[in-house]
Amino acid sequence: MTLADPATGTTPGGVRHDLDDALVRLEGVSKTYGSGDVAVNALRGIGLTIRRRSFVVLLGPSGSGKTTLPNLISGIEPDSGGRIGVGGSMDGS
């Protein structure tokens with residue numbers, strides 16, 4: 001898994017990755033459950049590139065979005081904002 005700027009393909013360490021090799025790309029993805037006073041932001045502004053032939057592990061505490069993220073990528077749940085691309089195709093949400 002490579003956390004990279006979706007526009008430039010550059011990681012925080014300054015390493016450039018070929019975005020054409022991306023299997024999954026997320027740009028500014030968010031997911032909010034509920035609304036108003038009971039709104040819960042499960043994910044906010046997520047940018048992520050997963051390259052082909054990568055092995056990915058999601059780790060984090062309870063409530064950090066480990067289940068929500070793959071649900072959004074797979075289309076099981078709709079995102080609340082941002083763009084998700086799988087296999088070179090980007091949605092327009």
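The values are calculated or read from the model by the stated rules, or taken from the named source; none is laboratory data. These numbers were taken from a predicted model, which means no experiment stands behind them. Reconstructed Cβ throughout: ideal geometry from the backbone, glycine too, with neighbour counts over all protein chains shown. Keep in mind that these areas ignore ligands, DNA and RNA; they rest on the heavy atoms of the full protein, side chains included. Shrake-Rupley method; radii C 1.70, N 1.55, O 1.52, S 1.80 Å.
Couple of notes before you dig in:
- Extreme residue, surrounded by the most Cβ atoms within 10 Å (Cβ to Cβ), among residues of region 49-78 that are within 14 Å of Val24 (Cβ to Cβ) and in contact with a helix residue (DSSP H, G or I) (Cβ under 8 Å, 6 or more places away or on another chain): Thr49
- Failed item in (1) at pLDDT 90 or above; (2) open to solvent by 40 Å² or more (accessible area, probe 1.4 Å); (3) under 18 Å from Gly88 (Cα atoms), with Tyr33 passing the rest: (3)
- Residue count, region 28-75 (criterion: among the hydrophobic types (A, V, I, L, M, F, W, C) and assigned to a strand (DSSP E or B)): 7
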